[in-house]
Amino acid sequence: MFTRVFFLVISTVVCCFMPRPGTAQPAQVYINSAVLAMGGREALLALKSQRIVSHGESFEPEQTVQPGAEQPRKVANFTCTLLRDLNTGKIRYDWQRETIYPLALTWKYTEIINGDEGAVIGRDGGRSPERRPASAARMAARRKELSRAPVSILINALTRSSSLDELSEFQAAGKQEDTVPAPNVEGRPESFGMNPGCETMS
């Protein structure tokens, strides 16, 4: 009984003297840090276009049964080049998808989006034609993802408020976060939360 009481008292004392987490930094601090890492305010606002090249691989689902066994089978890989005009909003994706298993196939096609019009040039599947209009859902998905890109969010925040004084704070999931305004696919404002704990946008 004495041992339990002793440990209870020690635990209480330790908890009382533990350092409390400091006040979270406002979103402006993280935004300014991101802007500085990308070359500064003037460099970001002077951007005219963007080019992103990405690569990826796909493997069979699930993992090996035991450690040290063979790696999962590689089934495909891809290369994608994004060209984007930040002034006009024109978008071009150049895709090359290579299937290794179960059949060796290569698909090369281009997605072009210009305003409300879009096209897919080249076959992106076994039954797809060589040329066809891009569906509204496909174009909306592309624009939505690009609106969430770091460059899009930072440029929009800089152009909407030069000092970022309009950032609003709110309570989310019991933690204080700050929001950065950004347009969504339809052009309406959409807020992105800045989590003070991990310094990332959500």
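Miscellaneous remarks
- Looking only at the range 126-167, and only at residues there that are of a type outside the set (D, E, K, R), exposed (fewer than 11 other Cβ atoms within 10 Å of the Cβ) and more than 26 Å from residue 85 (Cβ to Cβ), the one that is modelled with the lowest pLDDT: 163
- Pairs where the first residue, in the range 42-64, is without any contact (Cβ under 8 Å) to a residue 60 or more places away in the chain and under 18 Å from residue 77 (Cα atoms) and the second is part of a loop (DSSP other than H, G, I, E, B) and of a type in the set (Ser, Thr, Tyr), C-beta under 9 Å, 6+ apart: 60/101
- Residues in the range 130-155 that are farther than 26 Å from residue 99 by Cα and outside any loop (DSSP other than H, G, I, E, B): 136, 140, 143, 144, 146, 147, 150, 151, 152, 153, 154, 155.
- Subset of the range 38-59 (residues that are among the aliphatic types (A, V, I, L, M) and within 17 Å of residue 156 (Cβ to Cβ)): 38, 43, 44, 45, 46, 47
- If the condition is being within 13 Å of residue 143 (Cα to Cα) and not hydroxyl-bearing (Ser, Thr, Tyr), then the range 84-115 contributes 84, 85, 86, 89, 90, 91, 92, 111, 112, 113, 114, 115.
- Residues satisfying the stated conditions in the range 55-75, i.e. modelled with pLDDT under 95 and within 17 Å of the chain's Cα centre (by Cα): none
The values are calculated or read from the model by the stated rules, or taken from the named source; none is laboratory data. As the structure is a computational prediction, the values presented were derived from the model and not from experiment. Neighbour counts are summed over all protein chains in view; Cβ atoms, including those assigned to glycine, are modelled from backbone coordinates with ideal geometry.
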